[in-house]
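The values are calculated or read from the model by the stated rules, or taken from the named source; none is laboratory data. Bear in mind the structure is a predicted one, so any value in this text is a computation, not a measurement. We place every Cβ from the backbone using ideal geometry, glycine too, and count neighbours over all the protein chains shown. Side chains are part of the model used for accessible areas, which takes the heavy atoms of the whole protein and leaves out ligands, DNA and RNA. Shrake-Rupley method; radii C 1.70, N 1.55, O 1.52, S 1.80 Å.
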Amino acid sequence: MPAQLGSLNPGLMILQGNRLEDLRDLLTEWIKTEPLQPLEDETILVQSNGIAQWLKTSIATTGDGNGHGVCLGIEVSLPARFQWQAYRSVIETNEGVGAVPVTSPYDKNRLRWRIMALLPTLLTEPLFAPLAHYLRNDQEKSRQFQLAEQLADLFDQYQVYRADWLNDWDAGRDQLRLAGGRATPVPDEQRWQPALWRRIGESLGTGRADTHRAAIHQRFLGAAHHLSERPEALPERIVVFGISSLPQPMLETLGALSGVSEVILCLLNPCQYDWSEIIETQEVLRQQRRLRRRQGMPTGLHQQPEQLHLHAHPLLAAWGKQGRDYLQLLSEHDHTDLTAMQALQQPVDFFSEPTTDTLLGQLQSDILNLRPLDETRDAWPPVSADRDNAIRFHRCQSPQRELEVLHDTLLAAFDQDAELTPRDVMVMVPDINEYAPIIDAVFGQFTYRDRRSMPYHIADQGRRHREPLLVALEALLSLPRSRFRASEILDLLDIPPLRARFGLAEGDLDTLKRWIEGANIRWG
């Protein structure tokens with residue numbers, strides 16, 4: 001049963017700003033001014049669980065005039081999960097219940113095992129000679145599993161970012177689509193990739209081969225084009241908050257849903273001017289931009305990559321490619337009514353000048369105003385490193401040393417600023433699963449009575465790395481390749497189901513530890 005549209009106006013609105021706090025305040029004000037119907041949840045898409053926690057805490061915070069004192073009725077989700085739910089609700093409205101599976105057989109966790117089963121049947125064919133060469137002398141099948149895992153991850157990325165390639169491969173066209181609609185043949189040494197992709201579809205059988213994201217996305221776009229009412233499973237408002245980049249299929253999904261739902265993108269943009277031309281490409285950007293060009297900036301910078309550093313901030317020129325590409329994609333879907341925020345008496349593009357009494361503030365100001373190096377040198381006096389710690393670099397020999405330095409730095413910061421609390425701090429790492437045990441070792445070594453203790457929470461870990469039974473299973477499977485260290489065995493026995501299996505009580509661990517230490521057992 002389709003739901004009737006409420007008081008919200010369907011459409012896609014992009015709110016831009018250079019401070020995440022300003023976007024949060026703008027969003028909370030908009031939610032308060034344009035509330036949903038009673039008992040209906042807000043749907044917010046975020047990049048990570050850490051951002052989700054920060055946003056919910058910020059909405060509930062009181063004392064600054066922006067919080068509501070409580071955060072209820074907000075459903076936070078990751079984009080990929082929401083996207084599949086949107087596919088199901090729209091396609092099943094058009095084709096009937098069951099037209100899209102609850103979970104795709106092309107999901108990475110399932111795909112790795114299917115590829116592992118397929119590999120032995122392909123290695124005798126000349127086309128798959130590169131894979132056969134890699135898997136030679138693999139009696140224990142460890143390389144086969146690792147290769148299957150890598151290929152599953154590769155095809156998963158293709159489904160998200162290169163759906164057009166997979167659609168061509170399904171149709172038998174071994175080609176790669178490039179910018180501007182051009183296509184080039186798949187290199188001969190890589191032709192096994194489209195062949196393997198087709199073999200995966202054949203192994204799934206009729207009716208399931210076209211259930212990968214690329215094919216489902218095309219079916220979704222066709223079904224969304226005929227939507228006249230919002231399906232009941234779709235939210236009335238969709239908010240995308242703090243995501244630095246979205247793939248084109250996700251933007252197309254949001255654009256299609258904007259016909260029946262209100263879609264708001266809160267975009268963190270470090271620069272208030274149009275910096276799309278600071279791009280290393282020969283493609284001419286023809287889209288109309290709503291951000292104005294900076295005065296005095298020459299045209300045609302995209303054709304003069306060697307001149308970028310003379311007319312724009314070097315960090316944007318060197319490290320801003322993903323952001324530029326994202327802005328370019330957004331411009332194709334941006335139909336924001338610039339008068340839509342009149343009810344809030346605030347602009348849609350909310351850029352604010354940072355304080356410039358620190359090196360970090362000066363850097364943010366330079367990027368915001370698109371200052372090239374020569375203007376930067378004239379704008380700011382030299383900064384003494386002894387008095388300005390806003391930007392600091394530490395050279396560390398290992399991840400453990402990184403965490404130790406971080407712990408000492410945070411203690412010093414809390415000691416210097418009485419208003420700073422642990423809830424105000426977010427630490428980003430390249431791979432949270434690699435750092436998680438070290439974080440526990442460094443931050444968890446102090447009891448709450450110790451002045452060096454501070455509360456912390458590790459976000460974005462997969463179940464494999466945080467569920468005790470899954471951790472124990474992985475440890476047991478890796479025992480043949482380990483030294484069977486005494487500490488590892490004691491860690492395993494610290495898990496209640498394992499203790500119960502061997503009839504051990506929790507108090508027995510202390511006795512076992514004394515026996516092991518007394519016998520001087522280290523490994524065996």
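A few points about this structure:
- With at most 12 other Cβ atoms within 10 Å, longest stretch of the chain clear of loop trypsin sites (Lys or Arg not before Pro) (DSSP): 1-135
- For the chain, carbon and sulfur atoms together expose 51% of the accessible surface, with a 1.4 angstrom probe and every protein chain in place.
- Ranking by accessible area, most exposed first, for 121, 28 with a 1.4 Å probe: 121, 28
- Residue-averaged [θ]222 nm for the chain, counting only DSSP H segments that reach four residues, each worth -39500 (n - 2.57): -13500 deg cm²/dmol
- Using C-alpha pairs below 8 Å separated by at least 6 residues, the relative contact order for the stretch 369-524 is 15 percent.
- Here the stretch 160-253 has an Rg and Dmax of 16.3, 49 Å, counting Cα atoms alone.
- Bins of 10 Å, starting at 0 and running to the largest distance - Cα pair percent for the chain: 3, 13, 21, 24, 22, 13, 4, 0
- For the residues 211, 103, 355, 57, a 1.4 Å probe over the protein chains yields an accessible-area ranking, largest first, of 355, 103, 57, 211.
- Loop GluC sites (Glu not before Pro), the stretch 172-265 (other Cβ atoms within 10 Å of the site Cβ: 15 or fewer; DSSP): 229, 232
- Mean sequence separation of contacting Cα pairs (under 8 Å, at least six apart), scaled by the length of the chain, corresponds to a relative contact order of 18 percent.
- Per residue, the chain exposes 58 Å² of solvent-accessible protein surface, assessed with a 1.4 angstrom probe and all protein chains in place.
- Shape category assigned to the stretch 463-509 from the gyration tensor of Cα positions, a/c cut at 1.5: oblate
- Mean separation of Cα contacts under 8 Å (6+ apart) over length of the stretch 115-238, as relative contact order %: 20 percent
- Heavy atoms of residue 133: accessible area, 1.4 Å probe, square angstrom to 10: 110 Å²
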